[in-house]
């Protein structure tokens with residue numbers, strides 16, 4: 001009788017072990033995920049002091065707000081058009097609102113001969129509420145759900161290889177742009193494996209939908 005009992009127990013144990021760990025990750029977000037703030041805050045500029053001084057002067061001369069900006073790139077050049085030389089300055093900046101970054105977004109401010117000409121992005125109103133609806137475990141589960149779907153199309157990266165790795169998740173704003181829908185800004189999560197650039201995803205905090213999943217390959221464009 002004891003032999004039959006042990007055989008039955010062993011069989012149950014074997015059946016339990018057949019469940020893939022990846023299934024648990026997809027279902028309940030099992031594993032490591034940490035909320036991070038990847039970028040410095042506004043004012044912690046990434047350009048040289050001399051470039052920063054020029055950028056600040058141009059912004060002030062043209063009555064442009066410097067609040068909630070972090071300069072990330074500075075380009076200065078002279079362009080000759082029809083024999084006339086014009087001095088151009090292009091300042092790329094990360095934008096913030098309510099202490100949160102605009103994810104995957106950099107605005108480029110263009111100046112010609114000291115005058116403000118154009119900005120590459122528009123002003124979008126960010127929601128005042130900064131409290132996320134999703135838990136980190138839910139964010140991890142949603143990331144791997146999308147990862148598994150991605151593997152049905154491509155195997156440049158395999159979800160199975162990342163199931164035991166820690167993810168980082170940054171909360172911020174993301175601007176939705178549609179051909180037939182109004183432009184709006186939402187709370188979202190930027191998620192990727194810790195220490196890696198790809199694969200990365202942007203997940204809508206309000207409904208859990210994946211806005212963007214990208215493996216870094218030009219042959220596999222973002223969704």
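I need the full set of residues from the stretch 166-178 which are surrounded by 13 or more Cβ atoms within 10 Å (Cβ to Cβ) and either assigned to a loop (DSSP other than H, G, I, E, B) or modelled with pLDDT of 90 or more (or both), in order please.
Keep residues of the stretch 166-178 that are surrounded by 13 or more Cβ atoms within 10 Å (Cβ to Cβ), which gives 166-176.
Matches in the stretch 166-178: 166, 167, 168, 169, 170, 171, 172, 173, 174.
Go through the stretch 154-165 and give me each residue that's in a loop (DSSP other than H, G, I, E, B) and surrounded by fewer than 16 Cβ atoms within 10 Å (Cβ to Cβ). I'd like the intermediate steps shown before the answer.
Filtering the stretch 154-165 for residues in a loop (DSSP other than H, G, I, E, B) gives 154-158, 163-165.
Listed by number, the residues that qualify are 154, 155, 156, 158, 164, 165.
Of all residues in the stretch 59-75, how many are within 28 Å of the chain's Cα centre (by Cα) and either surrounded by 11 or more Cβ atoms within 10 Å (Cβ to Cβ) or at pLDDT 95 or above (or both)?
Of the stretch 59-75, the ones within 28 Å of the chain's Cα centre (by Cα) are 59, 64-75.
Restricting the remaining residues to those that are either surrounded by 11 or more Cβ atoms within 10 Å (Cβ to Cβ) or at pLDDT 95 or above (or both) gives 59, 64, 66, 68-75.
Residues in the stretch 59-75 being within 28 Å of the chain's Cα centre (by Cα) and either surrounded by 11 or more Cβ atoms within 10 Å (Cβ to Cβ) or at pLDDT 95 or above (or both): 11 in total.
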Given the criteria under 18 Å from residue 188 (Cβ atoms), under 26 Å from the mean Cα position of the chain (by Cα) and buried (at least 17 other Cβ atoms within 10 Å of the Cβ), does residue 126 qualify?
yes
Conditions (1) under 19 Å from the mean Cα position of the chain (by Cα); (2) surrounded by 12 or more Cβ atoms within 10 Å (Cβ to Cβ) -> residue 151 fails only (1)
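Which residues, taken from the stretch 72-123, are under 23 Å from residue 169 (Cα atoms) and outside any strand (DSSP E or B)? First the steps, then the outcome.
Restricting attention to the stretch 72-123, the residues satisfying the condition of being under 23 Å from residue 169 (Cα atoms) are 72, 93-107.
98, 99, listed by residue number.
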Here the residues within the stretch 31-58 that are at pLDDT below 85 and either over 30 Å from the mean Cα position of the chain (by Cα) or crowded, with 16+ Cβ neighbours inside 10 Å (or both) are 39, 42
Picking from 181, 210, 185, the residue that is at pLDDT below 90, over 19 Å from residue 164 (Cα atoms) and surrounded by 13 or more Cβ atoms within 10 Å (Cβ to Cβ) would be 185
Of (1) surrounded by fewer than 16 Cβ atoms within 10 Å (Cβ to Cβ); (2) modelled with pLDDT under 95, residue 101 satisfies every one except (1)
The residue that is nearest to residue 130 (Cα to Cα), considering only those in the stretch 179-201 that are out of contact with any helix residue (DSSP H, G or I) (no Cβ under 6 Å at 6 or more places or on another chain) and part of a strand (DSSP E or B), is 187
Task: residue 172 vs. criteria touching a residue at least 12 places away in the same chain (Cβ under 8 Å), assigned by TED's automatic domain parsing to the domain that holds residue 34 and over 18 Å from residue 25 (Cα atoms) - done: yes
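The values are calculated or read from the model by the stated rules, or taken from the named source; none is laboratory data. Every value quoted in this text rests on a predicted model; they were computed, and no experiment measured them. Cβ coordinates were reconstructed from backbone atoms using ideal geometry, including for glycine residues, and neighbour counts include every protein chain displayed.
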